[in-house]
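Student: Pasting a structure here, questions to come.
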Amino acid sequence: MRRTPLAAAVAAAASAAAVFALAPSASATPAFPGGGSGVPDSAPVIMTLTLAADPSAVSAAAAAVSTPGSPTFGRHLNRSQVRDRYGADPSQVARVTRWASKAGFRVVGLDDTRSRLTITGNVRQARAAFGTQLHDSSVAGVRVRTTASAPRIPATVRGDVRAVSGLSQQVARPLIARPAAVPNADGQYCSAYWAQYNKASVPQKYPAGKQSNVLCGYTGPQLRAMYSLGSSDRGQGQTVVIVGAYTSPTVLADANATFAENGVPALPADQFVVKQYNLPGGASGCDRDAWTAEQALDVQTVHTLAPDARIVYVAAPDCTQLEEAVAAVIADPSVDATVISASWGIVGEPNDSAYLTATNTILARAALLGIGFYAGSGDYGDNSSLEGATGPTAMFPASSPWATAVGGTSTGLGGSNQVVMQTGWESAANVLSRGAWKRLSPPLAGGAGGGPSHFFDKPSWQANLPGAKRTVPDVSALADPYTGFYVGYTVGGQYRAGPIGGTSLATPIIASLTAVAQARTGGIAVVGLAAPVLYAKAAAGRPIVTDVTHTAAGIWTPATAAGQPSGDYLLDLDAGVQSLKTGPGYDPVTGLGAPGPSYLTDLVS
């Protein structure tokens, strides 16, 4: 066991056709960030053509199998059925193949869903075929290719191709968050559980039991207790897919070293698989260290909550190929998975309708197959304080109607492993100045993402929510890094361990609990797209999540951001310093709520 800190550290599915709709706007023209310069004509380009099936038919079918009350609810299709019913017609494939060859492209192949055709060529050929200039740009420090305008589908195949993706590249960020500091010396200690330690020499802004030192990181038994898992809840017979970027050669050894400290059984080597598909890579500037921590967090969370489940980690070659990795695993008949965890996102919804269409098409087919796709809502609140932001935005792919979007909580577990404090994760930072707490600027010290999509219309299962657009999140789980989960990983040859959070933690928690719920049925039932089920249960007065409301509470920490001088800082929880705040019922921080005991018993029914 890890030593204590004192010793060491729902409506009718027929209306769901609108799910595919993108708001008409200038969004058809991708943004051109980072200045940029022209890409040489001879530079190679790999593109994916999303082939046209009737989008209304695909949308309606995916919604029908996912929505309680529908005659076909739960009757998911296999890959052959999806391909035969909703793949491109052979004549369409033939026309597009002929056109691509005539335009000078090499046709690489058609995926198993018969909806994505990969072609290769160079920049000159792509510019001539799709009528757009390609530029080399910098996005979040990553060198990417962008387009000056939306690609135009040639008239000869306009009826056969819905989108061309790959001309521009989207940068995904791991949604991982770590405390700026975790004290364990000089009489200042992190807490093994909520309010075990509470620094008494600083002003007590909150009542007794509502102010705590930063947590050391929950152990495996604590995390399992938080979500009411019993000894027999082990996820047996389930496969959980994690999609991330890169893979660490020490991920298994790191996991088992951490588990030995953390009260979790070892992860057997034959229960963990890394898959790497033949995808283009090479983007420079991706934060590999953050992706290493992300992989460790995901793997260790899933094994802690579902220790008998098989884990398949799908490693994209860099941070611009995440959606291609998702597409590859969904089309792969050798991966028998019903749960995909995606702890990453595009900050703000990308202003690229081709990318959105292509990715949404992938996720709609996942819903048809009975594969639940879980995506983190973000770690930057409503994203309005980020550089270049023009206002609040949601995070993609969490904003896709075919994803179950996972928000975040700040959760305090007491000494007897019971939840004694829980609220939405939206923290504001204060510094002790002249004996009083003074709010820092900018105030946000981290928070779950949420709010309405700018692009996607409201799906039928969100009919009871205000507004006309898809709203995120749908559900939530532990995410605050200052009440985070204890995780270990190796970077630069050095093993390190401590609390980690972000909706990168919340997402595999929800994915793992779903796998456990499916295992409770003996593996005879799957959830698929979970969001419609959650809303239907709530609408029927039988919610399977616990409503998370505002709680006034605070966390003392010696720092709230990298580079700060060590001192006394206080995090106000669920502070509402942006547009997001927790409240009764549905809210844009925690969605419908966090899983309660009935999540495991009633999600699959």
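Student: Over the alpha carbons of the stretch 79-236, what is the largest minus smallest coordinate on each principal axis, giving the biggest first in Å?
Tutor: 75, 44, 25
Student: In whole Hz and in residue order, list the ³J(HN,Hα) couplings for the stretch 166-179 that follow from phi through the Karplus curve 6.51 cos²θ - 1.76 cosθ + 1.60, θ = phi - 60°; x for Gly and Pro.
Tutor: For the stretch 166-179, the Karplus-derived couplings read x, 5, 10, 10, 9, 9, 8, 10, x, 8, 9, 9, 10, x Hz, x marking Gly and Pro.
Student: Using a 1.4 angstrom probe with every protein chain in place, what is the largest-first accessible-area order of Arg116, Arg83?
Tutor: I get Arg83, Arg116, largest accessible area first.
Student: With +1 on each Lys and Arg Cβ and -1 on each Asp and Glu Cβ, how big is the dipole of the chain about its Cα centre, in debye rounded to the nearest 20?
Tutor: Its charge dipole is roughly 640 debye.
Student: Could you tell me whether the stretch 323-477 comes out rounded, prolate or oblate from its Cα gyration tensor? Rule is a ≥ b ≥ c as square roots of the eigenvalues, rounded for a/c under 1.5, then prolate if a/b exceeds b/c, otherwise oblate.
Tutor: Since a/c reaches 1.5 and a/b is larger than b/c, the shape of the stretch 323-477 is classed as prolate.
Student: To continue, here is another question. Quick one: dipole size for the stretch 100-164, taken about the Cα centre, charges +1 on Lys/Arg Cβ and -1 on Asp/Glu Cβ, in debye to the nearest 20.
Tutor: 160 debye
Student: Any chance you could tell me what percent of the C-alpha pair distances in the chain go past 45 Å?
Tutor: Roughly 14 percent, once rounded to a whole number.
Student: Given the rule -39500 (n - 2.57) for each run of at least 4 DSSP H residues, summed and divided by the residues of the chain, what is its mean residue ellipticity at 222 nm, to the nearest 500 deg cm²/dmol?
Tutor: Estimated from H runs of four or more residues: -7000 deg cm²/dmol.
Student: Return the long-range amide H neighbours of Thr582 (sequence gap of 5 or more, or a different chain), with a cut-off of under 5 Å between placed amide H atoms.
Tutor: Sorted by chain and number, the residues that satisfy this are Gly424.
Student: Between the stretch 403-426 and the stretch 104-163, what is the C-alpha centre distance in whole Å?
Tutor: If we compute the Cα centre of each part, the gap is 43 Å.
Student: Hey, what does the equivalent ellipsoid look like for the stretch 68-121, semi-axes from the Cα gyration tensor as sqrt of 5 times each eigenvalue, largest first, whole Å?
Tutor: Computed over the stretch 68-121, the values are 32, 10, 8 Å.
Student: Something else about it: Place +1 on the Cβ of every Lys and Arg and -1 on the Cβ of every Asp and Glu in the chain, take the dipole about the Cα centre, and give the residue among Ser191, Pro151, Met226 whose Cα lies farthest towards its positive end.
Tutor: The residue sitting farthest along the positive end of the dipole is Pro151.
Student: Filter the cross-link list Lys205/Lys581; Lys210/Lys438; Lys275/Lys581; Lys205/Lys469; Lys458/Lys537 down to pairs whose alpha-carbon distance in this structure exceeds 28 Å.
Tutor: Lys275/Lys581; Lys205/Lys469
Student: A further question on this structure: Of Asp41, Asp382, which has the most accessible area with a 1.4 Å probe, and how do the rest follow in descending order?
Tutor: Ranked list, largest accessible area first: Asp41, Asp382.
Student: Could you grab the relative contact order for the stretch 156-222? Cα pairs under 8 Å, six or more apart, rounded to a whole percent.
Tutor: Relative contact order here is 26 percent.
Student: Determine the relative contact order of the stretch 485-577: mean sequence separation of Cα pairs under 8 Å and six or more apart, normalised by residue count, in whole percent.
Tutor: Normalised by residue count, the contact order of the stretch 485-577 is 13 percent.
The values are calculated or read from the model by the stated rules, or taken from the named source; none is laboratory data. On a predicted model such as this, the values are computed, not experimentally measured, just so you know. Neighbour counts run over all protein chains shown; Cβ positions are idealised from the backbone, glycine included. Heavy atoms of the whole protein, side chains included, go into the accessibility calculation; ligands, DNA and RNA do not. Shrake-Rupley method; radii C 1.70, N 1.55, O 1.52, S 1.80 Å.
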